[in-house]
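The values are calculated or read from the model by the stated rules, or taken from the named source; none is laboratory data. All values derive from a computational prediction rather than experimental measurement. Counting neighbours? That spans all protein chains shown, and the Cβs are built from the backbone with ideal geometry, glycine included.
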Amino acid sequence: MNSSIARSPSIYSWSAPTHAPPRAALIGDPIGSRETLERIGTLVPDYPDLELLVVGKPKAGGDTEKLIRRLGISDRVRFESGISTETMVRYYAEATMAVVPSVYEGFGLPAGEAMACGVPVVSTNGGALPEVVADAGLQVPVRDADALAAAIRELLDNPARRDELGELGRRRIDEKFCWHVTAGYMTNYYYQVLDSANG
């Protein structure tokens with residue numbers, strides 16, 4: 001985690017005042033994003049200050065923009081694309097949670113990045129996401145938008161659970177996926193190959 005990025009106390013602090021707007025960062029494929037947008041629409045009445053930051057760029061005048069207008073959540077959704085790593089880290093730091101509604105993820109990098117920043121994650125169980133997230137986040141079945149909304153609601157309502165998952169996620173990345181651990185795995189693998197070649 002980049003220690004130079006300070007969490008915004010009005011947005012991300014676990015003990016944020018009640019007027020602080022919750023913000024969910026949405027990272028994932030367009031199909032999952034559409035389902036998430038529909039469910040965000042159902043959450044708005046109970047969380048009138050809820051904001052959604054979507055990492056990606058919708059097609060101008062396309063289905064996503066039409067859906068957002070139809071749901072009446074244009075003022076709650078912001079799209080960002082072409083951003084730097086530093087900006088992405090800042091967005092993670094400001095987020096109440098990261099939502100990864102992907103139908104398929106080859107490795108699960110978006111979830112891993114959020115977890116490395118100490119952000120609680122809600123993800124689907126698509127592709128490699130279960131391997132990355134494991135029990136350090138909330139996972140729901142692929143394309144189950146109702147379950148996704150319920151998981152988002154659970155974290156919005158439970159600051160202590162967000163705190164717990166944020167810490168578990170950061171610890172999981174440190175213990176399983178950081179560079180020195182990866183280098184150790186590769187070194188051991190090379191030794192095994194050399195041992196078997198030398199027979």
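How many residues, within segment 61-111, are closer than 23 Å to residue 48 by Cβ, outside any helix (DSSP H, G or I) and in contact (Cβ under 8 Å) with a residue 60 or more places away in the chain? Residues that pass the stated criteria total 6. Taken over segment 173-199, residues that are part of a helix (DSSP H, G or I) and either of a type in the set (Phe, Trp, Tyr) or within 19 Å of residue 140 (Cα to Cα) (or both) amount to 5. Filtering segment 157-189 to residues that are hydrophobic (A, V, I, L, M, F, W, C) and at pLDDT below 90 leaves 177, 178, 179, 181, 183, 186.
Of the residues making up segment 141-155, those that are free of Cβ contacts under 8 Å to residues at least 60 places away in the same chain and within 13 Å of the chain's Cα centre (by Cα) are 151, 155.
Out of segment 156-185, which residues are among the hydroxyl-bearing types (Ser, Thr, Tyr) and under 17 Å from the mean Cα position of the chain (by Cα)? Residues satisfying the conditions do not exist here.
All of (1) buried (at least 19 other Cβ atoms within 10 Å of the Cβ); (2) in contact with a helix residue (DSSP H, G or I) (Cβ under 7 Å, 6 or more places away or on another chain) hold for residue 91 with one exception: (2).
Scan segment 112-140 for residues that are assigned to a helix (DSSP H, G or I), in contact (Cβ under 8 Å) with a residue 60 or more places away in the chain and closer than 20 Å to residue 34 by Cβ and report the count. Matching residues across segment 112-140 total 0.
Every residue, every condition in (1) closer than 25 Å to residue 98 by Cα; (2) without any contact (Cβ under 8 Å) to a residue 24 or more places away in the chain, yes or no:
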{"residue": "165", "(1), (2)": "yes, no"}
{"residue": "168", "(1), (2)": "yes, no"}
{"residue": "176", "(1), (2)": "yes, yes"}
{"residue": "191", "(1), (2)": "no, yes"}
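Specify the residue that is surrounded by the most Cβ atoms within 10 Å (Cβ to Cβ); the eligible residues are those in segment 148-199 that are more than 30 Å from residue 22 (Cβ to Cβ) and aliphatic (A, V, I, L, M). Applying the filter and picking the extreme gives 181.
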